[in-house]
1. Give the residues of the stretch B:85-99 that are more than 7 Å from chain D (Cβ to nearest Cβ) and out of contact with any strand residue (DSSP E or B) (no Cβ under 6 Å at 6 or more places or on another chain), sorted by residue number.
2. Going by the conditions given, is C:Q227 part of a loop (DSSP other than H, G, I, E, B) and farther than 30 Å from D:A163 by Cα?
3. For the stretch D:119-176, give me each residue that is β-branched (V, I, T), buried (at least 24 other Cβ atoms within 10 Å of the Cβ) and within 14 Å of chain B (Cβ to nearest Cβ).
4. Taking A:F204 and the conditions (1) within 14 Å of chain D (Cβ to nearest Cβ); (2) at pLDDT 95 or above, which numbered condition does it fall short on, given that it satisfies the others?
5. State yes or no: is D:A159 modelled with pLDDT of 95 or more, in a strand (DSSP E or B) and under 30 Å from B:G54 (Cβ atoms)?
6. Right, B:A138: within 14 Å of chain D (Cβ to nearest Cβ), under 14 Å from the mean Cα position of the chain (by Cα), modelled with pLDDT under 95 and closer than 20 Å to D:G214 by Cβ or not?
7. For a quick check of your reading: which strands (runs of 3 or more DSSP E) sit entirely within the stretch D:13-127 and have at least 3 residues that are in contact (Cβ under 8 Å) with a residue 12 or more places away in the chain and β-branched (V, I, T)?
8. Among the listed residues A:V125, A:V120, identify the single one that is surrounded by fewer than 20 Cβ atoms within 10 Å (Cβ to Cβ), in contact with a helix residue (DSSP H, G or I) (Cβ under 8 Å, 6 or more places away or on another chain) and part of a loop (DSSP other than H, G, I, E, B).
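The values are calculated or read from the model by the stated rules, or taken from the named source; none is laboratory data. As the structure is a prediction and not an experimental result, all values here were calculated from the model. Neighbour counts are summed over all protein chains in view; Cβ atoms, including those assigned to glycine, are modelled from backbone coordinates with ideal geometry.
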Amino acid sequence: MSMKLTNAQIAWRAAQDIEDGAYVNLGIGFPEMVAKFQAPGRHVTYHTENGVLGFGDAPPEGEEDWDLINAGKKAITLKPGASFFHHADSFAMVRGGHLDVAILGALQVAQNGDLANWRVGSKGVPAVGGAMDLVHGAKRVAVITEHVTKDGKFKLVDECTFPLTGVNCITRVYTSLAVVDISDSRFVLREKLPGMSLEELQSFTGAPLHVEGDVGELEVPEV
Amino acid sequence: MSMKLTNAQIAWRAAQDIEDGAYVNLGIGFPEMVAKFQAPGRHVTYHTENGVLGFGDAPPEGEEDWDLINAGKKAITLKPGASFFHHADSFAMVRGGHLDVAILGALQVAQNGDLANWRVGSKGVPAVGGAMDLVHGAKRVAVITEHVTKDGKFKLVDECTFPLTGVNCITRVYTSLAVVDISDSRFVLREKLPGMSLEELQSFTGAPLHVEGDVGELEVPEV
Amino acid sequence: MNKTIATLDEAVAGIPDGAVIMIGGFGGSGAPIELIHALIDRYRKDGSPHDLTVVNNNAGNGRIGIAAMIDIGMVRKMICSFPKSSDPRAFTEKYLAGEIELELVPQGTLAERIRAGGAGIPAFYTPTSFGTELAEGKPVEEFDGRMCVRENWLKADFALIKADTADHHGNLTYRYASRNFGPLMCMAAGHTIVQATRIVAPGGIDPEAVVTPGLFVDAVVEVAEPQQEEAMIRAGVAYV
Amino acid sequence: MNKTIATLDEAVAGIPDGAVIMIGGFGGSGAPIELIHALIDRYRKDGSPHDLTVVNNNAGNGRIGIAAMIDIGMVRKMICSFPKSSDPRAFTEKYLAGEIELELVPQGTLAERIRAGGAGIPAFYTPTSFGTELAEGKPVEEFDGRMCVRENWLKADFALIKADTADHHGNLTYRYASRNFGPLMCMAAGHTIVQATRIVAPGGIDPEAVVTPGLFVDAVVEVAEPQQEEAMIRAGVAYV
């Protein structure tokens, strides 16, 4: 694949769908990048599993307070209107459906909305964190990911082969090539890169891409 | 019955068993009187279901703040070290076994520790409040009560006939005539009024009073 | 993002007939009298909302607040632990006449069911009420040698809550024991409406002092000098 | 009533071999380093306590705190959600060598199980982990069209917690995000031991600012200038 979105561009695209006033949890790692591209004029409140609502950017290096971190253990700052709470209240927010959007990374997403993103097999030290909680509860649970793995394997699949994080939980996938919804246990193509044919995109996708109405052009600025 | 303890004296006797450092919930009404007779030199912290720990006496009349009340909706004051919390945390304290003592009133107590104290039948408006929660969780759940009803009916019974508040939950009963433990589903007499014979006391009691070792004299000052 | 609503009338305008409404407060402490009376005003004017299910620890007192809602016929069902008060006539009369339903719930179970509703926990086991008539028909199971009853979460369409300070994001503090059911009901309702004694800009509440984070709150309306239900009852106020 | 203990050594003296210990903190935020190191000192001196089960969100980082406990062989089992860190070698080596057990629990379920332990709720249902290998063998049931997994409460013999301010009764506040699991673990342990940056007389904490009421706390020890785990790791400190 010669043309594809950068990670920053995928994050930018996902950020555009976050509505004004939304409460959002961004998974550790790549999804955290979405905050950088918050659409101008929209007020978004970020939640982190370890008990902070309303945090802002990282502090300048050397000014970190390590009692003020996010779920990725990175130093954060607070915005006006922030609040602290304990872990059970934090996951009450998650599980109780109080977050508008959760955006997660993925190893595999299946056409029925199953997500695998916490381990690739049964070897090594397993570590799940809050992933299995985050996939349940947020009003909209989306994934951002490369469309295929580095060695060309499908990430959008008919059925996950890696251990599951959750079943029937993902409703939208933002990839380096397309925006795909999951509806009635099918992948429904919403946007694709302008220069890529549907056939080519399908060849990178491990389950049928359905088309319902118009397919938009996935146009993202250089970011 | 000519000789018996007054309510204040029953409350006094119950108060003597509350150890230094104890966290205590006193049921609405008669049990609240126990706080008046807290043994000198002991620090006791009172819990009320509506989310206050460490409250003190009622304020002088006219100085009530009706946002600062106990479960009986009576105005209270705070002692140093008090705290406020919401209802779920309050009942986490109750149900989670964090109270050392709960003292409740009773309509009937059965020899197996069953308590009936919330309604006498199926008529009228039923109202349970926190009674069914309080009987579970406190390390020691005791009852203070007249030994028999005003018209001479048993209150210490073989089996409750009124609707139950909880099963197997009471471990000690302070009455106007005696102190009775409940152990292995039997009433075990611990103390009785000095002038009353065991036979006479048994005649006021609806199930066998067992004796294990010495029976103490229930001696209470004029209060 | 500013969740402030200008008037009480606007704040309660969207509550439809048949709604399930959690109303904060334990006795008079925490009772959102102005929000309740704004709802009563709406009912008087429009005949709506009616057939409400109201969740509160009690079932009203005297002739104001929830008691007044019951009195004038807005309430179809009460879910509460203690439908008695110093002046319980409103509920008692309707109940004995078969004109209002009652779901009686032990107080701790009521609090925990509301929290569960807000926390996405559909059911839990508790020792409370085992062996009593309030456990009839509910699944029971033994844990660590103790019999427990299974209870389901409780959610609502709306919550009416009285806070002390609110900020524009809906972060809340409460005054003294008026906290009681407020933080739980804010979590368990689809749309939470709060009256606050003062509304401040974001940053006006210490992040560590926030009791209810704003994500649980949808609308805040300032009632600068709120009435206190217990004080009103002692003064003989009626709103029917 | 004064729950103050003079020294860290005294505070941890009663923890026996085989105990289940909840240790507060998420990463370095809230990690009670001085209490942990006092326990390590005891083990070095007496060979006890060992065969501990430790409950924490993580499984130690670097060569201090929980990682050091694991490294020197005090820990038989970890119950956690994320046994990885910037320097996870202590746990990883023991785990891959089969020398330490792991009970992996989703983070929200871990928090809720601990709260349930403290709140007297023996079991609850959650959608979290349904259909995954972490739900294997657990009862499942459908509620409102959604499949849920039954989880049991989690309790401990001891909790080691880092607070900001404590009073003599054990009332606590926490600093920033170091609150995390602290209030829950205080509830769920039979004996809760707290290190606080300052200990004040009763009345020194505003009753509305208390995060953990003293009834959940058994012992407080002052550590006036506590070390911060993350800062120590970045400074390359080792305690093994």
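1. Once the filter is applied, which keeps residues that are more than 7 Å from chain D (Cβ to nearest Cβ) and out of contact with any strand residue (DSSP E or B) (no Cβ under 6 Å at 6 or more places or on another chain), the stretch B:85-99 yields B:H86, B:H87, B:A88, B:D89, B:S90, B:F91, B:V94.
2. Yes.
3. D:I121
4. Here A:F204 meets the rest and fails (1).
5. It is true that D:A159 is modelled with pLDDT of 95 or more, in a strand (DSSP E or B) and under 30 Å from B:G54 (Cβ atoms).
6. yes
7. D:20-23, D:52-55
8. A:V125
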